[in-house]
Amino acid sequence: MTVTEAAPSVDPPPFTNYAGMVMAAPMVRVSVIAFRLFAARCGSDVVFSEELVAAKLQKCVREARPVPDYMIAKDGDPQPLGSGWDVPVVDALRFPPGTQLVEFVRYEPYGKNTTRRAVVFSTVRIPPEYRAKRPWSEGKPFILQMGVSDPEAGARSAALVKDDVDGFDVNMGCPKKFSVSNGMGAALMTDVDRAAKILTSIRAAIGPTKPFSFKTRVFETVDESVAQLTKLLGTGAVHSVTLHARTRPQRSDTKPRVDLAAEVAAKMRALFPHIAFVFNGSIGCSGMDGAGHVGVVDGKPWGGRAAILEAVRAMGFDGGLVARDAMWNPTVLLPSAPPGADPADVARGSYYCEDYMRVHRRLLEYHAHCGNGMAFLKYHLTRTFGQKQLQTAHPEAYKKILAGKCIADFAIALGATTEEAAHWESVHSAAGADTDAAAADEETSGAVLPVDVGGRRSREAAGVAPDAAAASKPQPAGA
């Protein structure tokens, strides 16, 4: 693999903001490339990376290599994305000739005489001549979310990756200790001057038209939120704001402050009518966490995409960002009914697939083809099947997931045959075969990377914001 520079940028059809969109939220250990490709296939209008730490990202080098031949469209033309989520990955991932896997990599000392290759994040890059037919390399616009404490580090990181992503988002709401103690996330809620400098520095680095947003939380009072947002939006740096309807101390399993968020949005819209305001906080709640019911229709827990948009617009927001429900079942994002959908569901705009095992078998295929590390697939599966309702419905599957150590184990846990499980194991091994000789492979943020022999590497060292929950101990995800 060689160090490369991005090809000259060919601007895709612009989207000015997130108005009218329903999107899978950026989620640590979840929003890797496999999940993003699947979420795009399920209808997420935008796909986000997990939060990447700018202080580490700025030290990366860009490397690129061709995607496998079987991912190239045979007729030289990419397959339209469509809305069919349950399409085999070999049919869904049809890229035009010349498409590359792009990795942003850090090389770190390992032991006495070796170097470890750590991939901070990866994406795919379609050649410029095909962008008119397939403008978004990952199927939908790919937004890189950063955790930033220093304006200069944020600008350097953005400048490094800007030609390989479709936009940027800054996390200004994460309340976890790692983020706050390092001056990122919710720490920026009370350091508005520094937050404003971060926004203006990144905007200067990425140019005037690249989509740019930030995500924050509500304060205890409307006036506090309005003061913060007025200062930040006054920079003119961003096109959209996501408002998480929980305060900094609230956990994701507590009820969102919907009325408070709606009042903030109403006041801000009067001041900044050109900004899109996106609601986040138990959207489209499946009923598995009991935290809220945004998007529920006729008392049924799955309201679906249409109900989500209707609900957030009724609150005065322009779009919705879906976290846990998109992780548990990305098909909630489907924009149209698949074959055989229940007419009652079609009538209320809800097209999700109720077969969680089937949905996650398909997601597993994306992880296998993308070479995603087992820690991330296991984390995702345990966070989903660790929910009380699914533990009750699939107790043996959950036990097998907890004990699983490889793709084949997880495939069998999800109901695959032994032949199918062996096939996905071989696909995953082939996807991870291109490695440095110095170490074995694992993924930290969406691509193949080496890991210490005999011990898990630090996610902070790779530039990915850590999550407090271990993969084997599912806890409520951030909403």
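The values are calculated or read from the model by the stated rules, or taken from the named source; none is laboratory data. All of these numbers come straight from a predicted model, not from anything done at the bench. Neighbour counts are summed over all protein chains in view; Cβ atoms, including those assigned to glycine, are modelled from backbone coordinates with ideal geometry. Side chains are part of the model used for accessible areas, which takes the heavy atoms of the whole protein and leaves out ligands, DNA and RNA. Shrake-Rupley method; radii C 1.70, N 1.55, O 1.52, S 1.80 Å.
The table below lists the values:
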| read-out | value |
| --- | --- |
| Reachable lysines from K197, criterion Cα separation under 17 angstrom, eight or more residues apart if same chain | K215, K231 |
| Inter-label distance, nm, simple model (7 Å from Cα along the C-beta direction), T235/A132 | 3.7 |
| Solvent-accessible area of S181 with every protein chain in place, 1.4 Å probe, in Å² to the nearest 10 | 80 |
| In sequence order, calculated HN-Hα J values of region 29-42 (Karplus, 6.51, -1.76, 1.60; Hz; x Gly/Pro) | 6, 10, 7, 7, 4, 4, 5, 4, 4, 5, 4, 4, 5, 7 |
| Carbon/sulfur fraction of accessible area - region 21-353, other protein chains in place, 1.4 Å, % | 54 |
| Region 147-236, accessible area per residue, ligands and nucleic acids excluded (1.4 Å, Å²) | 36 |
| Pairs beyond 30 Å (Cα-Cα), from K133/K378; K112/K162; K56/K378; K255/K378; K267/K388 | K133/K378; K112/K162; K267/K388 |
| Antiparallel bridges, percent of DSSP beta bridges restricted to region 21-353 (to nearest 5) | 35 |
| For A421, net neighbour charge (Lys/Arg +1, Asp/Glu -1) across residues whose Cβ lies under 13 Å away | -2 |
| Net lengthening on full extension, T114/D193 (0.36 nm per residue, minus Cα-Cα) | 24.2 nm |
| Gyration tensor verdict on region 355-437 (Cα atoms; rounded if a/c is under 1.5, prolate if a/b is larger than b/c, oblate otherwise) | prolate |
| Accessible-area order (highest first, 1.4 angstrom probe) of the listed residues K112, K399 | K112, K399 |
| Pairwise FRET efficiency - R313 versus A159, Cβ, R0 = 41 Å, nearest 0.05 | 0.70 |
| Modelled FRET efficiency - R0 35 Å, D86 with D259, Cβ distances, 0.05 increments | 0.35 |
